[in-house]
Amino acid sequence: MTGATREVRLAQFERMLRMRRFEEMVIRLAQKHEYIGRQHLHIGHEATGSAVAMAMQPGDKIHTTHRNHGYVIATGADPGRAFAEILGRNDGLNGGKGGSWHLCDVSTGMLSTSAMVGGSIALATGAAYGLKLQGAKNISFAHFGDGTLDEGVCYEALNLASLFELPVLFVCENNSKAGQRPSSMLAAARLRDIPQALQIENMIVDGADADAARVMFAQAAERVRSTGKPVFVECTLERWPGSHQVTAAFPTGVTDLALAFEQEKISGKHAEWIKSSDPILRATRAFVESGTATRDELAALDARVTTLMEDARAFAEASPFPEPAAAFSGVFA
Amino acid sequence: MPQMNLAEALIDGLIWSLRKDPKATIIGRGMAGHGPEHHAEDRLKAEFASRMVDPPTSEAAVAQLGVGAAMTGMRPFVHYGTAVFAYEAWNQFVNEAANVHYMSNGQIKAPVTFHLFHGIRGGGGPQHSGSPYAMYANNPGLEIVMPSGPRDAKGLIRAAMASDNPTIVMQHALLLGLTEEVPEEDYMIPLGKAEVKRQGKDVSVIACSRSVVDAMEAATELAKEGIDVEVVDIRSIAPLDVDTIVASVRKTGRMVAADETYEICGVASELIATVSIHAWSALKAAPVRVARPMTPVPFSPPLEKAVTPGVSKIADACRKACGR
Ligand SMILES: Cc1ncc(C[n+]2csc(CCOP(=O)(O)OP(=O)(O)O)c2C)c(N)n1
Ligand SMILES: [Mg+2]
């Protein structure tokens, strides 16, 4: 194993559980409040998102994409205010003006969710430029999917980051999958050949392996901090079957940690994903098999997180809608 | 005559375009949207899969794929699932496609059709609710059509595909399920011809796209109050059918301009300017504008409603124009 302390690993696992239970609550809310509509859930990406959040230091910045909820929660935004935003309520992180697609929280360094493919990578490059100009020790994180590499702006941003030596960590969540319609169509056989061609240091990690991702992002962030130059990390992910759901549903069921040890009980169309690609179940197994934590400890942690999310949901649902006049405020600073 | 929803009708228009012209070709997927009407696309795929290509998320280059191919004589239909995605192709639309014919002194044509789903759609929020056709209309060289129903969608798409100019078809995302009788056979509706969708004598609502549908509903409501509304669907902002618009306002003496682009420099403003110039003396009251107020479209449902032009705002505007 990695030599990391039990506390660090458990802290990561707690973030992962928060991310997962948050998304499951979003599915329930979407089933109940019809209008919140289409959600791009971060289920299956928790190991990556938690690892990125743990590599961040106070003052660092991050920009994210439509698949943003996990990052919002992992970086420490209040889940109640995040639910309230997704429901368009007054206490939402964006006062109801943004919704799921634009969650942000300046207090955690989460500067924006751009719902435009290609939006986050260039904005985060700009954030790195701003930090560098101001002589800050901080770095910038760009979260994006493989789809961003379809966009021309991606190449321009990578080139700028390399030319201007900008402290930005590019986090590419590669969940593209042949068979279904892939989320990107790239002639490049390996994604990393793209940053490589632009002289950007690059790495690859199993994005569903909590320990590997945590170690990788700690190292990568350290590289960016010490060199002031960009680093590109490709995180390989097996796409969660509900990642493009039109109607809210639980295609792989509600997460049950016990299934980590009762594989024979897993069945159905998506059994393979649950058995080998769910980062939460993988981490659960790793904890118990290495003797780092017991099943009961993990179950107790999960119960606490579940209660937290239940309270957050209650807060959000009790929040009123904003007054219609709010639509017209805040157009200008 | 068969009943078709708008998605089916636009697919029918595309099928006829491909049947009639071997140079017609399709770049994009999801032409019938991703809602309950999306199956309409199956017919197209069944007949013409070999003439369709599903591109990566590369809006800028994809636009040029269309414009460049058009310059060699092809007639590409390029689809953007949400109009705002085409912001990535701003230069390609307004600076390349729009200028090709003029700056080559007529040597080269770019008969490309861009097809975009626009509009405030319920939960689209600030980045997915755009209706950029007023912005496009600020660029000479582009034809811009906004069908308000199935019959128009089919005939206008046919005409757009047959046009020698770059044409942008703006389809309101919320109208795809709208159903009416649509001729089965091939037909075109010429670009630049407005249609009086409802005859009336008290006030003219000059509108396009979804606002036509809203205006028809408002007219039914106002009839009960004794206000007889005429509804004119401009169908295209470029070219603009000034004669039909002016004739209607000359007849009623009152005007409401209703449209979902922004108030400032928007389609409604242009319509009011047009009428002021050409029919000033016929106006019995100041024109009234119903348009998108100058604020981004908020996500929260009550806020979104507050910024959406709609039936009740159009009805109120008609009452105001009529001094009620
Ligand atoms: C400029 C732009 N074009 C198209 C879209 C529509 N769109 C939303 S998500 C998506 C796929 C993105 O794939 P990827 O970046 O790999 O993220 P994933 O959803 O796979 O996590 C697309 C094309 C968009 N939001 N913005
Ligand atoms: Mg992807």
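Here are a few things to note about the model shown:
- Check on A:ARG192, at pLDDT 95 or above and more than 16 Å from ligand 1 (Cβ to nearest atom): no
- Selection within the range A:149-184: residues that are assigned to a helix (DSSP H, G or I) and either under 18 Å from A:VAL205 (Cβ atoms) or away from chain B (no Cβ under 14 Å) (or both). The member of this set that is farthest from ligand 1 (Cβ to nearest atom) is A:LEU163.
- Meets criteria (assigned to a loop (DSSP other than H, G, I, E, B), among the hydrophobic types (A, V, I, L, M, F, W, C) and closer than 28 Å to B:GLY177 by Cα) for B:LEU222: no
- The single condition from (1) assigned to a helix (DSSP H, G or I); (2) without any contact (Cβ under 8 Å) to a residue 60 or more places away in the chain that A:LEU123 fails is (2).
- Of the helices (runs of 4 or more DSSP H) entirely within the range B:23-140, those holding at least 2 residues that are within 14 Å of another protein chain (Cβ to nearest Cβ) and buried (at least 19 other Cβ atoms within 10 Å of the Cβ) occupy B:59-71, B:125-128.
- Only one entry of B:ALA223, B:ALA215, B:ALA238 meets the criterion of being within 23 Å of B:PRO166 (Cα to Cα) and touching a strand residue (DSSP E or B) at 6+ places or on another chain (Cβ under 8 Å), and that entry is B:ALA238.
- Unique residue being assigned to a strand (DSSP E or B) and more than 14 Å from chain A (Cβ to nearest Cβ) when the list is B:VAL231, B:VAL249: B:VAL231
- Count - residues of the range A:68-104 that are open to solvent by less than 10 Å² (accessible area, probe 1.4 Å), away from chain B (no Cβ under 14 Å) and under 23 Å from A:ARG239 (Cβ atoms): 5
- Test: residue in the range B:172-190 that is in contact (Cβ under 8 Å) with a residue 60 or more places away in the chain, assigned by TED's automatic domain parsing to the domain that holds B:LEU116, open to solvent by less than 30 Å² (accessible area, probe 1.4 Å) and in a strand (DSSP E or B): yes
- Restricting attention to the range A:244-283, the residues that are part of a helix (DSSP H, G or I) and either open to solvent by 50 Å² or more (accessible area, probe 1.4 Å) or under 21 Å from A:ILE36 (Cβ atoms) (or both) add up to 7.
- Selection of the range A:289-318 for residues being part of a loop (DSSP other than H, G, I, E, B) and surrounded by 12 or more Cβ atoms within 10 Å (Cβ to Cβ) yields A:SER290, A:THR292, A:ALA293.
- Selected residue [acidic (Asp, Glu) and either at positive phi or within 16 Å of ligand 2 (Cβ to nearest atom) (or both)] from A:ASP146, A:ASP105: A:ASP146
- Top-ranked residue in the range A:137-148 [being part of a helix (DSSP H, G or I) and not β-branched (Val, Ile, Thr); ranked as surrounded by the most Cβ atoms within 10 Å (Cβ to Cβ)]: A:GLY147
- Scoring A:ALA30 on the criteria (1) within 14 Å of chain B (Cβ to nearest Cβ); (2) within 16 Å of ligand 1 (Cβ to nearest atom); (3) open to solvent by less than 30 Å² (accessible area, probe 1.4 Å) leaves a single failure, condition (2).
- Those residues of the range B:276-309 which are among the aliphatic types (A, V, I, L, M), surrounded by 17 or more Cβ atoms within 10 Å (Cβ to Cβ) and within 16 Å of B:VAL229 (Cβ to Cβ), in sequence order: B:VAL288, B:VAL290
- Verdict on A:LEU131 being open to solvent by 10 Å² or more (accessible area, probe 1.4 Å), in contact (Cβ under 8 Å) with a residue 60 or more places away in the chain and either within 16 Å of ligand 1 (Cβ to nearest atom) or not aliphatic (A, V, I, L, M) (or both): no
- Close pairs (6 angstrom Cβ cut-off, 6 or more residues apart or separate chains): free of Cβ contacts under 8 Å to residues at least 40 places away in the same chain in the range B:79-99, polar (S, T, N, Q) and surrounded by fewer than 23 Cβ atoms within 10 Å (Cβ to Cβ) anywhere: B:GLN92/B:GLN64
- Selection status of A:GLY44, in a loop (DSSP other than H, G, I, E, B), open to solvent by less than 10 Å² (accessible area, probe 1.4 Å) and touching a helix residue (DSSP H, G or I) at 6+ places or on another chain (Cβ under 9 Å): yes
- Qualifying positions in the range A:225-241 - in a loop (DSSP other than H, G, I, E, B) and touching an Asp or Glu at 6+ places or on another chain (Cβ under 9 Å): A:GLY228, A:LYS229, A:PRO230, A:LEU237, A:GLU238, A:TRP240
- Qualifying residue in the range A:56-70 (condition: assigned to a helix (DSSP H, G or I), within 18 Å of the chain's Cα centre (by Cα) and within 16 Å of ligand 2 (Cβ to nearest atom)): yes
- Condition met for A:SER184 (small (Gly, Ala, Ser) and free of Cβ contacts under 8 Å to residues at least 60 places away in the same chain): yes
- Residues (on the phi > 0 side of the Ramachandran plot and within 14 Å of another protein chain (Cβ to nearest Cβ)) located in the range A:113-140: A:GLY118
- Condition met for A:PHE321 (of a type outside the set (D, E, K, R), touching a helix residue (DSSP H, G or I) at 6+ places or on another chain (Cβ under 8 Å), within 14 Å of chain B (Cβ to nearest Cβ) and under 27 Å from A:GLY88 (Cα atoms)): yes
- Identity of the residue in the range A:56-66, away from chain B (no Cβ under 14 Å) and open to solvent by less than 10 Å² (accessible area, probe 1.4 Å), that ends up nearest to ligand 1 (Cβ to nearest atom): A:ILE62
The values are calculated or read from the model by the stated rules, or taken from the named source; none is laboratory data. Computed from a predicted structure; not experimentally measured. All Cβ positions, glycine included, derive from the backbone under ideal geometry; neighbour counts span all protein chains shown. With ligands, DNA and RNA removed, areas are computed over all heavy atoms of the protein, side chains included. Shrake-Rupley method; radii C 1.70, N 1.55, O 1.52, S 1.80 Å.
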